[in-house]
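Visitor: Here it is: the structure, laid out below.
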Amino acid sequence: MRTFDHIDVYSIAEACTTLREYQGRARLNAGGSDLLTVLKGDFLADYPEAVINLKTISGMDYIREDGEYLRIGTLTRLTDLVSSPLLKEKYPVLSEAAYTVATPQIRNVATLGGNLCQDTRCWYYRYPRSIGGPVQCLRKGSGPCLAIKGDNRYHAIMGGKKCFAVCPSDMAVALAALDGKVIIVGPEGERRVEVTDFYHPTGNELAKDEVVREIEIPIKRTPTQQSFRKFTLRKPIDFAIVSSATVITVAQGICTDARIVLGAVAPAPVRAKAAEELLIGKPITEETDTAAAEKALVGAKPLSKNEYKIQIAKTLVKQAILGVTD
Amino acid sequence: MRKHQINLTVNSQVYQLEVGTGQGRVNPSDTLSFTLRETLGLTGTKLSCDGGACGGCTVLMDGEAVLSCMLLTIECDGKIITTIEGLKDAKTGELDPLQQSFIDHTAFQCGYCTPGMIMSAKALLNENPAPTEAEVKKALSGNFCRCISHYQVVRAVMDATGKGR
Amino acid sequence: MADNYRYIGKVVPRSDGRDIVTGGTLFLNDLPFRNLLYGKVLRSPHPHAVIKSIDTKKAEQLKGVRAIITYENVPDWKFGNPPIVHLLDRKVRYVGAAVAIVAAETESICQQALRLIEVEYEVLPAVFDEYEAMQPGAPQLYDQLTGNLLPLMAVNLGPTSATEIVTGDVEAGFAEADAVAEGSFGYDNIPNPIPMEPPGAVVHWEEPNRVTVWVSHQKVWLNKRILTIIFGEEVKVRVIVGPCGGSFGSKTMSWQVQCYAAALSKATGQPVKLCYSKEEQLACFVLRPATRINGKVGMKKDGTVTAVAGSWILGTGYYSMTMQTQLAVGCGEAMIAIRSKNWNLKPAIVCTNRNSSGIVRGFGGQELKCALIPLLSLAMEKLNLDPFEVLKKNFIKPGDGYYWRDAQWYNYRGIDYSPAMDQGAKVFGWKDKWKGWLKPTAVKGTKSIGVGVGIHGNADVGEDVGEAYVRIDNDGRIVIIQGLAEHGTGQRNNTLKVAAEVLQVPIENVSITPGDSLITPVEWGPAGSRGTYGILGAVIAAAEDAKKKLFELAAPMLGANNPEELDTADSVIWLKSNPQKSVTWKEVLHLRSVLGHGRFDADYTLANCMMSFVEVQVDTETGKLDVLRVVNTTDAGQIIDPQGLEGQLNGCLGSAGIDSAVFEETILDPSSGRILNANLIDYKWRTTAELPEIENVVMETPMGTHRFKAIGVGEISTSPGPSAVLMAASNAIGQWLHEYPVTPERVLKALGKTTGENRGGAR
C-alpha cells in the first residue's frame, strides 16, 4: 500500500472539515475492509493523500429505538447487528443480512456505514495494478463499460445505464425494505436520503465533504414478516449474485403492506413496486406469490451472461414471500 | 489529529511505536500484519492473500478474531493483540489445549493456514467454550485451507472444547 | 498387518507439529536475512505486444532503488520445453508477463519504482482460444513455433516419450461395438491450485559463480538441476528448501521467480527476496491445463470399451514447461483406466496468449479423464449400463499392460482394485442410489439429488529416481540425509517412521536433514504419489544398508561369522541364536558412525487407484449445486500414516479438484485476456462452512513395493471427483451437463429456464 497522511477525527463535523480541506483527496476509513482493498489494489487514478479515521469518534455505534424511529449509528459493527437482541426480535431482516456479509473476522470490524459506502465489486473496475495495471472504464470516467462485451455474469440486469456494476451492499437491500433513510452530514448540515436513492449509476450520493452519520428506520406498529435472502455460490465470503429483502404485513390472511427489494441486480437496491402493489389486498398464495415474483422482474434486461440472475431473483422473491426455508 | 506514537499490547508485552518512516517505526499505511511480522518480528502470523479473504493473518484484537492485513496499525492504538506466538504459556512453554489438539489430530497438512485457523478457533472458544460442530464450522468459515485440513481441524477444535478454561 | 509394527500404520504426531501450531515454522517469507533487498515485477497490460521502448531513468533515480532489469540488460536465461521463454523478453505474450524487475531496499520502494518505469508497446493481435490459435493466419506467439503448436517430445523422459496412443485397430473396434458415442468434451475452465503460501524465493548470487537459493518448493535436487541448466553448468547452485506452504505440483514451476531474484542479486551483490502477491500467483503463475477432446468411443453391451479415437487438444497458455510430460502421463493413465485394445488418440499442445498452464495434482490424467468419462458416459447411457460397473470393469487388472509415459510397454504386476471399488460402492450405497442415466436419486421439492462416480490411477507411483543416506551416529541417533521438502503430505515425518521401524529405535532418535542440495543426494522429490514407494523406498534401503554395516562391525564383537546372525532393537544388537549375547550400538560405534546408502530406481509396473462417488443436490429453481457427500475408495497396500492419509484424501476438495466441477474456474476476459478473478473472493474455494460429508475407504492389500508393501495415493485424490460431479449433476436434473464447472447459469440453461436472449447493454 502506498503511504498517506493519517488523521484521527473526533466528531462528524471535524470529519467534514477535514474532507473539505483535502478537496476530495482524502478518504474516510471506518472498518477498513473495503478501503484497504481499494488502496492495495491501487486501481483508481486518485490515490488519496490522506485517510481520515472515523473510529476515533465516540458514540457512533448504537442500535436504539427512539419514539418513531430505529436509529443505527454509522460505526455500528456488523457483528453487533448480527447479535443485537432488538434486531433479532423486531428487525430480523437486518440481522440476517448482516450475518450473510463476508466472514466472521470481517464482520468484527466492518461497519454499517462502511458496508453502505463500499465501492463496487465489478472485476473490470477493480482489476489491480500489480498484474498488468488498472483498466479504464465508464465508472472511472473514460471509455465504455467493459462488462457489456465482457464477462458480465455478476453485473446488472436492470437499471444499468452506461455502467453495469451492481451495488454490493447487502445492508442497503435490507434497509431499503424497512424504508430506511441515510442521514448524511455535510458542512451545511444534515439531509436524509432514501437508501434506494443513495446510490447513483456510477457512485453514491455523498459529496466530497459529506459523511454518513446514521440510518433511520421508521418503526412499524404492526408486526411484519421479514426475510433476507442472498444467492451466492458459497454461503460465507461471497458477495450476492442476487439478494432480496421482503417486509410484509399480513392481517387476517390478507397482505396489507409489502416491501420487496432486490439486491445485486442493479446499481442500487431496487424496490419492486409493481410486485408490492400486486400483493397488497390479496391473500398470500402460491398463485399471487408467483405473479408477484414475475412482476418484480418485469423490465429486466440481461446482458450476455447474466440472464440466469432473473430466474434466481424470481425464485428468491417467491421463496421469501411464502416463507420457504432452505 | 495526527498521531505521533501508538501503544500496542502484543502477547502481554507493551510496545510504544513512533509514527514515521524507517526501521522500527509505524508508517500510516502499515497494516497490523506488516507491523507484527516486519517490525516486531512475529512471523507466526501468516500473509497469504493480503486482501481480507483468506484468514491466514487472523489475530485476536481485544479477544475477537480480526484480519491483521486489513487493519492499519496506526488505528490499533491502545488495542490488545494476541498472535499465535502468544497462545502457549510464556513461562512453561506449555501449549494451549487447542494447539495440542491440532497436533494430536494432525489438523494441518502444509501448516500455512494453521496459525490463522487456531486464532479463529481461539476467538470462538473465548466467547463460546462449548460450541456445536456447526458453530465451529461457521467460526472457521473465513479461513482458507487449500490442502483441506478442515475436517481434522473441526475435530481438533471440538476435542479441545471445554479444555481451554 | 499394522499390529506387527511399531510405527508403520500408527498415529505418530508430526515432528514439525509443535512449530506449526505455535507459529514457529519458518516459511520462506519468515526467514531472517542480513542485507536483504526486495524484488518486484512490472507486468504487461497487454496479452500480446512488442516493447517499443522502455525508460527506467526516473525509477533508477528513486532513493533506495538498487537495480532495474529489462529485456535489454537481463542475463540470457531461458527455459521451457522447448527453451524459448526468455526470463525477460522484448515480446510479451500474456497479460501479466514480466516486463521489468526491480530490486530496492523495501517493497514499497519497489512499488514506487514500478510506477516510474515508462513502457511503450506495439500491441499485437492476441489469441485466447486453442482452436483459433491453430488456424492459419492466427497470431503467432513464437517465431520458433508453427501454428502455435509445441513439439510433443518430453525432454525429461529420456530418449523416448509417449506422444499419442495408437494401438490396435479402432475401425475394427467401432465395428464390433454395440454403441458408439462421439462429441466434443472439455475440461477447460483452467482452475488454479492456489497453494496458500504464494511462490517466492530469496537468492544470493556471489560472484563469480556461487548461488544460494532459498525457495518455497517441493523439490530440492530437481530444482537445482533446472537452475543449473538455466544458469549454465559453470554456476554452482545451492538450493535450500524449507517448509513449503503447499504446492500441489505448481511450485515445481518456480524457475522464473527464482531467476528474477537471481538476476537482481547478481546485479546488486546482495541477497534479494521476491515473493509473488496472491494476485500474481493467480494471474501469472500456474493454471491447470485446458483440455478438449473431439472423440469417439465404442462400447459393447457388457461394458467392454472396443475403441477410443479422437483428438486431444491441450491448452498450455503462453508456454510449456512440462505439458509434453503431462500429455505422456495422461495417455498412460487413460490406458490404465480404460482397458481398450484399440486406440487412436492424437494429442496436440497449443499456446495461446494467457498465463501458462502446468503442473497441478492430477498431471495430465485428470484433465484427459475429466473429458473422456463424459464421452464414455454417453455410450453407457445408450446401452443402459451402470457407470460403476463399467469403470470397475475397465480399470487395469493383473495380466494387462499399458504404454507408459516413456512410450514403453509395461506389464502390470499390481492388484485387482475391484474389491476396493466394491467396498466403496457399498459404503456409498451406490446400488440403491443409482437409478439409471439422467434419473435423479431423489427429488424433494425444487431439490434434485443425483449420484456419479469417477476413477483415476497412475503408474507414476514408482516414477523416477531418488537416493538417501542413513547415518547412525555414535550416540545412537539417526540422521536421514535426503533432499525432501515438507509440503503438506507429512512425508518427512514418514521417513522418520520407516527408518525407526527398520532400525527398531524410538522415533525421537531419528531426524532428517533440511532439504539442502549441498548436503542431500539425488532425489526427484514428491510427485505423482511416488513418495510412499520411491522416497520412502530409498530411506528404507539406506536404513537397511546402515543396519548391515552396523552388524558388520558388531559381528566380530559377538563372535558371529555373518551379519545375518544378528538382530537389533533399541540400540542393542544381539545374536539371534543367543539373545543373551549382546552389544550396544554405543560400544560398536565408539568414535565412529556408519552411513548407509539407499537408492530407488524407477518402476512403472504398478499403478494406484482411486474411485470417488459423489452425491450432489441441484436446486432446479436457482441452478445451485451442492456436493452432499463424497466417498473415496482406494487400496494403499499398507497405511503408513493414518492421519496424513486422511488429509491427502480429504484433499480431493482442494487444489483444483472436485470443486473444479462445482465453482472453481479461472475467468478470462474474452477481449482483453485479463484474468478477472485473480483474488480470493472472486476465485471460489471450499470453506469450512460448507463441507460435504466425506468418507474414505482404504483397503490394505500388500503391494509389491518395498518391505512395508505400501503404495502412494495422495496425488490422485483430486482426479476422480470432477467428472463424477458432472455425472451426478446430469442425473440430478435429467439433462446432460458437459461443461465445468456446473454453474447456476449452465444448469438453468440446461433446464430451459433461461431463453438465451441478450437484451441489455448492447443497445
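None of the figures in this text is laboratory data; all of them are computed from the coordinates on show. Please read these numbers as outputs of a predicted model, since none were measured by experiment. Positions of Cβ are backbone-derived with ideal geometry, glycine not excepted, and every protein chain shown enters the neighbour counts.
Visitor: Please arrange C:91, C:224 by counting, for each residue, the other beta carbons lying within 10 Å of its beta carbon, fewest first.
Guide: C:91, C:224
Visitor: Counting other C-beta atoms within 10 Å, and keeping those with at most 11, which DSSP coil trypsin sites (Lys or Arg not before Pro) do you find in the range A:201-233?
Guide: Sites meeting the loop and neighbour criteria: A:221.
Visitor: Another question, if that's okay. In percent, what relative contact order does the range C:474-581 have, based on Cα pairs under 8 Å that are 6 or more apart in sequence?
Guide: Normalised by residue count, the contact order of the range C:474-581 is 26 percent.
Visitor: Report the equivalent ellipsoid semi-axes for the range B:1-40 in whole Å, largest first, defined as the square roots of five times the eigenvalues of the gyration tensor built from alpha carbon atoms.
Guide: 16, 12, 9
Visitor: Pick out the long, greasy-scoring helices in chain C: whole DSSP H runs spanning 24 Å or more along their own axis by Cα, mean Kyte-Doolittle at least -1.0.
Guide: Passing helices, by number: C:365-383, C:536-558.
Visitor: In deg cm²/dmol, rounded to 500, what helix-only [θ] at 222 nm does the protein assembly as shown give when every DSSP H run of at least 4 residues adds -39500 (n - 2.57) and the total is split over its residues?
Guide: Calculated at 222 nm, the ellipticity per residue is -7500 deg cm²/dmol.
Visitor: Right, here's the next one. Order these by the 10 Å Cβ neighbour count, fewest first: C:649, C:591.
Guide: C:591, C:649
Visitor: Explain nothing, just the number: dipole magnitude of the range C:442-497 about its Cα centre with +1 on each Lys and Arg Cβ and -1 on each Asp and Glu Cβ, in debye rounded to the nearest 20.
Guide: Its charge dipole is roughly 540 debye.
Visitor: While we're looking at this one, here's another question. Hey, what's the Cα Rg ratio for chain A versus the globular rule of thumb, 2.2 N^0.38 Å?
Guide: Computed over Cα atoms of chain A, the ratio equals 0.98.
Visitor: In bins 10 Å wide, starting from 0, what share of all Cα pairs of the range A:225-321 does each bin hold, as a percent?
Guide: Distribution as computed: 17, 51, 25, 6, 0 percent.
Visitor: Could you line up C:284, A:122, A:167 from fewest to most neighbouring Cβ atoms inside 10 Å?
Guide: Lowest to highest Cβ neighbour count: A:122, C:284, A:167.
Visitor: Averaging over every viewing direction, what projected area does the convex hull of the Cα atoms of the range A:56-109 cover, in nm²?
Guide: Reported value for the Cα convex hull: 4.0 nm².
Visitor: With equal scatterers on the alpha carbons only and no solvent term, can you work out the Debye log10 of I(q)/I(0) for the range A:45-137 at 0.19, 0.22, 0.25 1/Å?
Guide: Normalising to I(0) and taking log10 leaves -0.96, -1.12, -1.29.
Visitor: May I ask you to list the lysines whose Cα is less than 18 Å away from that of residue C:369, ignoring any residue fewer than eight positions away on the same chain?
Guide: Straight-distance partners of residue C:369: C:296, C:341, C:346, C:392, C:393.
Visitor: Divide, for the range A:81-230, the radius of gyration over alpha carbons by 2.2 N^0.38 Å, where N is the residue count.
Guide: 1.15
Visitor: Where a Cα-Cα gap under 20 Å defines reach, which lysines qualify for residue C:684, not counting those fewer than 8 residues away within the same chain?
Guide: A:230, A:235, A:305, A:309, B:137, B:138, C:278, C:624
Visitor: Here is a follow-up. Hey, what D do you get for chain C in µm²/s if you plug the Kirkwood alpha-carbon radius into Stokes-Einstein at 25 °C and 0.890 mPa s?
Guide: For the chosen part, D equals 90 µm²/s.
Visitor: Hey, another quick one. So what does the Cα-only Debye profile of chain B read at q = 0.12, 0.17 Å⁻¹, as log10 I(q)/I(0), no solvent term?
Guide: Rounded to two decimals, the profile gives -0.51, -0.97.
Visitor: Here's something else I'd like to know. How far is helix A:308-322 tilted, in degrees, relative to the longest principal axis of the Cα atoms in chain A, given as a value from 0 to 90 rounded to the nearest 10?
Guide: 60
Visitor: Additional query: Under a crude label model (7 Å from the Cα following the beta-carbon direction), how far is residue C:671 from residue C:146 in nanometres?
Guide: 3.5
Visitor: At q = 0.05, 0.07, 0.08 Å⁻¹, what is the base-10 log of I(q)/I(0) for the protein assembly as shown according to the Debye formula with one equal point scatterer per Cα and no solvent? Please give it to two decimals.
Guide: Log10 I(q)/I(0), no solvent term: -0.35, -0.70, -0.93.
Visitor: Same structure again: Quick check: the angle from helix A:12-22's long axis to the longest principal axis of chain A, C-alpha only, nearest 10 degrees?
Guide: Here the helix axis deviates by roughly 50 degrees.
Visitor: When each pair of different Cα atoms in the range C:213-343 is counted once in the 1/r mean, what is the Kirkwood radius in angstroms, to one decimal?
Guide: 17.9
Visitor: Pull up the cross-link candidates among the aspartates and glutamates for residue A:282, meaning alpha carbon to alpha carbon under 17 Å and not fewer than 8 places away within one chain.
Guide: A:257, A:294
Visitor: Now a separate question. Which of the GluC sites (Glu not before Pro) found in the range A:139-228 are loop residues per DSSP with 14 or fewer other Cβ atoms within 10 Å of their Cβ?
Guide: Taking the range A:139-228 and a limit of 14 other Cβ atoms within 10 Å, the loop GluC sites (Glu not before Pro) found are A:188.
Visitor: For the range B:1-61, which trypsin sites (Lys or Arg not before Pro) are in a loop by DSSP, counting at most 11 other Cβ atoms within 10 Å?
Guide: Qualifying residues, ordered by number: B:2.
Visitor: Which whole-number percent is the relative contact order of chain A (Cα, under 8 Å, 6+ apart)?
Guide: Dividing the mean separation by the residue count of chain A yields 17 percent.
Visitor: Once all Cα-Cα distances of the range C:464-600 are split into 10 Å bins that start at 0, what whole-number percent is in each one?
Guide: All Cα pairs, binned at 10 Å, distribute as 13, 44, 28, 12, 2 percent.
Visitor: Another question, if that's okay. Given N residues in the range B:5-86, what is its alpha carbon radius of gyration divided by 2.2 N^0.38 Å?
Guide: Ratio of Rg to 2.2 N^0.38 Å for the range B:5-86: 0.96.
Visitor: Could I ask something else about it? For a quick size check, give me the Cα extents of the range C:55-148 along its three principal axes, largest first, whole Å.
Guide: Principal extents (largest minus smallest coordinate, Cα): 50, 24, 19 Å.
Visitor: So what are the ³J(HN,Hα) numbers for the range B:139-146, from phi and the Karplus equation (6.51, -1.76, 1.60; θ = phi - 60°), rounded to whole Hz, Gly and Pro as x?
Guide: Karplus-based 3J(HN,Hα) across the range B:139-146 equals 5, 9, 6, x, 10, 6, 9, 8 Hz.
Visitor: Within 10 Å of each Cβ in peptide C:736-746, how many partner chain Cβ atoms are there on average? Round it to a whole number, please.
Guide: The mean count of partner-chain Cβ atoms within 10 Å per residue comes to 2.
Visitor: Taking 8 Å as the Cα distance limit and 6 or more residues as the minimum spacing, I'd like the relative contact order of chain B as a percentage.
Guide: The value is 22 percent.
Visitor: Using modelled backbone amide H atoms (1.01 Å from N, in-plane), which distant-in-sequence or interchain residues come within less than 5 Å of residue C:346's amide H?
Guide: Result for residue C:346 returns C:310, C:311, C:312.
Visitor: Take every Cα-Cα pair in the range C:556-641 and report what % of them are more than 18 Å apart.
Guide: Cα-Cα pairs of the range C:556-641 separated by over 18 Å account for 71 percent.
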